[in-house]
Amino acid sequence: MICIPITARSAEDTISEMSLASRYADIIELRIDYIPEMQDAETCIEKSLKSKTKPVIVTNRPEREGGKFNGSEQNRLRLLQKAIDLRADYVDVEFDSVRQITRQNTSKVIISYHNFKETPPNLNKIYNDICQWKPDIVKIVTYANDITDNIRIFELLKTANVPTISFCMGELGHISRILTRKFGGLLTFASLEGDKESAPGQLTASELSKIYHFKNINKETKLYGIIGNPISHSISPIIHNSSFIEKGLNSVYVPMKVLNIGAFIKKIRKIDIQGLSVTIPHKESILPYLDDIDHTAKKIGAVNTIVKQNGRFIGYNTDCMAAVMGLEHGLKKTKDTLNNKKVSIIGAGGAARAIAFGLKEKGCDITIYNRTLERAKKLSNDVKCKFERFEEICELNSDILINSTSIGMFPEVDRAPVPKNVLREGMIVFDVVYNPIETRLLQDAKERGCHTVNGLTMFINQAAEQFRLWTNIDPPVELMKNVAMDMLLN
Ligand code: NAP
C-alpha cells in the first residue's frame, strides 16, 4: 500500500490535496501538526474524516520526533484523542505517549518510534518494547547513514509478528521505502509532489509507481540493483524496470549508494538479491569480494555486472563487448572491420580498460593518452599497447579516436577532450559519454566529416547484456533505447 501524507496548512487545502492524493494513495495520512492553529486543526480533523474517500491515519507529530507541532503536550494529545473519538481509521501515537491515550471504538492505534539520527543497534528491543503495548500496527522509522542500515530494517520486517511499517529515512534509505513489501512491510509513505515530502528521502508517489511499479512488488519479486557513488542520476533503474515490465517479469531494480564496498557485499548476502550493476567507483575495488570472476572481467580487472548463481556472486564485464559492438556497428557504414585499425584512446580509467582489452582482441593497434601518465603506462603494460603524454594528442594519426574520460559530460557540455583540428575526415570518433547524447566532441567530429558513435549505444549494449545474464531472456533493446532517450532528452 502507498500512504500519502497531507501537509497542507488549512482544512480547505487538506481536503483538496486529499482528493488529488487519492489517485495513487491506498491510505492518506493527515499531518495535522502542519496546521499552525489548534482550532483549525480540530476543524481539519472533523471535515477531513467526514469527506474522506480512503482510509485515514491521523498524525500529530511533535518537534521532538521530527514533526511540526510546537504547542503543549496536553493539546497535542487532545487532538489525537479527538481523532479517536471521531473514529479515524488509524491514529499514530508516539511510543513515549501511548500510556496517555485512551483507546476506544474502531480506531486502530499505530505505535511509532522515529529516529532522525541513526538506525540504532537495538531495533529488536525497540520492537518488543512497542509490542508490550499491544499495538494494532508497529511503526519504526530510522535514519540510514549507510546503505546496510536498510538491510537491518529488512531483517526486522522478516521476523515481525504484528503488522509493521518500517523503513529508513534519508537518501541512503530509498531502497527500504521501495522494497518494504518484499520483506513484509505493511506500507510505504510517498509524497504527493517533490516539494511536499514530510520526511527526508521520501520519494514521490509518481516515482514509486512509474519507475518502480511499487504495487507489483511482493515477497516473490526478484531483486536487482545498481551500486555506485554518486548514483542518484543513474538512468539504469528506469531502463531495467521498464524492461522487466515489458517481459512480464516480477522483478525490481533499485539504486544503491554504496560507500564501503567490502561491508556492503558482506551484508547484502543476507538478503535475497539476484544481480547487481556496478559503476564508478567500485568496478575494480569489488573484485576481492566476489566468489568468482568471469575470464574477460578477470583479464580487464574490472566488473560491471554481478550475477548470483547457486548462491555465489559471479562478476562479469559487459562494458567490453558493449563498446566493441558499438564500434563494429559504426564501422558497418564504412564496410570495414576493426582488425589492424590504429586506435587512440583518451583516458585510462575503468571504461578505457574495458575498451582497450576488447579492441586488442580485435587486432587493433592501440595508443593510450591520459592526463595521469602513470595510469596510461599501467594500462598500456596490461594491454600490451603504446601510451603517450596527454599533450601529444594534437599529433595523433589514427583511424579511430575514443574519448573514455568524462570530459564533455553534463553539466560541462561545452568541453571537448581534443581540439577540432585533430579530427580528420573519414575518422571514426566514439565518445563514451552519453549525457548529452551528442557531445561537443561528436558535434565537432560531424562538422569535420568523421563517422560518429555515441556513448548511448555502448550504454544500451552493456545494459542489454546484463539483462540477458540475469534473466536468460532476450532484452527488449529498442524499448531500452527509447526509455533512455526519453530520459536524456527531456
Ligand atoms: P574513471 O575510472 O574514474 O576514469 C576517469 C578517466 O577520465 C581517467 O582516465 C581520468 O584521468 C579522466 N579524466 C577525468 N576528468 C578529466 C579531465 N578533466 N581531464 C582529463 N582527463 C580526465 O571513470 P570511468 O569508469 O572510466 O568512466 C569514464 C566516463 O565513461 C564517465 O563519463 C562514464 O560515465 C563513462 N562511461 C560510459 C559508459 C557507457 O556505457 N557509455 C560505460 C562506462 C563509463 P586521470 O587518470 O588523470 O584521473
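The values are calculated or read from the model by the stated rules, or taken from the named source; none is laboratory data. On a predicted model such as this, the values are computed, not experimentally measured, just so you know. A quick note on method: Cβ atoms are made from the backbone with ideal geometry, for glycine too, and the neighbour counts reach across all protein chains shown. In case anyone asks, the SASA skips ligands and DNA or RNA and just uses the protein heavy atoms, side chains included. Shrake-Rupley method; radii C 1.70, N 1.55, O 1.52, S 1.80 Å.
Couple of notes before you dig in:
For (1) modelled with pLDDT of 95 or more; (2) surrounded by 23 or more Cβ atoms within 10 Å (Cβ to Cβ); (3) more than 10 Å from the ligand (Cβ to nearest atom); (4) not assigned by TED's automatic domain parsing to the domain that holds residue 312, each residue gets a yes or a no:
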residue	(1), (2), (3), (4)
421	no, no, yes, yes
435	no, no, no, yes
468	yes, no, yes, no
472	yes, no, yes, no
476	yes, no, yes, no
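- Residue check, residue 285 within 16 Å of the ligand (Cβ to nearest atom) and surrounded by 21 or more Cβ atoms within 10 Å (Cβ to Cβ): no
- Selection count, segment 264-282, where residues are assigned to a loop (DSSP other than H, G, I, E, B) and either open to solvent by 10 Å² or more (accessible area, probe 1.4 Å) or within 15 Å of the ligand (Cβ to nearest atom) (or both): 8
- Condition met for residue 406 (small (Gly, Ala, Ser), within 16 Å of the ligand (Cβ to nearest atom), within 21 Å of residue 351 (Cα to Cα) and in a loop (DSSP other than H, G, I, E, B)): yes
- The lone criterion from (1) surrounded by 24 or more Cβ atoms within 10 Å (Cβ to Cβ); (2) outside the structural domain of residue 396 (by TED's automatic domain parsing); (3) among the β-branched types (Val, Ile, Thr); (4) away from the ligand (no atom under 14 Å from the Cβ) left unmet by residue 300 is number (4).
- Residue tally, condition within 16 Å of the ligand (Cβ to nearest atom), at pLDDT below 95, more than 30 Å from the chain's Cα centre (by Cα) and buried (at least 19 other Cβ atoms within 10 Å of the Cβ), over segment 323-357: 1
- Note on segment 245-263: among residues that are in contact (Cβ under 8 Å) with a residue 40 or more places away in the chain and open to solvent by less than 10 Å² (accessible area, probe 1.4 Å), the one that is farthest from residue 183 (Cα to Cα) is 258.
- Residue in segment 368-401 that is least open to solvent (accessible area, probe 1.4 Å), counting only those that are within 14 Å of the ligand (Cβ to nearest atom) and outside any helix (DSSP H, G or I): 368
- Of everything listed in (1) open to solvent by less than 30 Å² (accessible area, probe 1.4 Å); (2) in a strand (DSSP E or B), the single unmet condition for residue 113 is (1).
- For segment 1-51, the set of residues classified as among the polar types (S, T, N, Q), more than 17 Å from residue 67 (Cα to Cα) and touching a Lys or Arg at 6+ places or on another chain (Cβ under 7 Å) consists of 22 only.
- Filter result for residue 467 (assigned to a helix (DSSP H, G or I) and over 26 Å from residue 416 (Cβ atoms)): yes
- Residue ranges of strands (runs of 3 or more DSSP E) in segment 1-109 with at least 3 members touching a Ser or Thr at 6+ places or on another chain (Cβ under 7 Å): 2-6, 27-31, 90-94
- Flag for residue 360 being part of a loop (DSSP other than H, G, I, E, B) and more than 16 Å from the ligand (Cβ to nearest atom): no
- Some residue of segment 116-123 being of a type in the set (A, V, I, L, M, F, W, C) and either touching a residue at least 40 places away in the same chain (Cβ under 8 Å) or touching a Leu at 6+ places or on another chain (Cβ under 6 Å) (or both): yes
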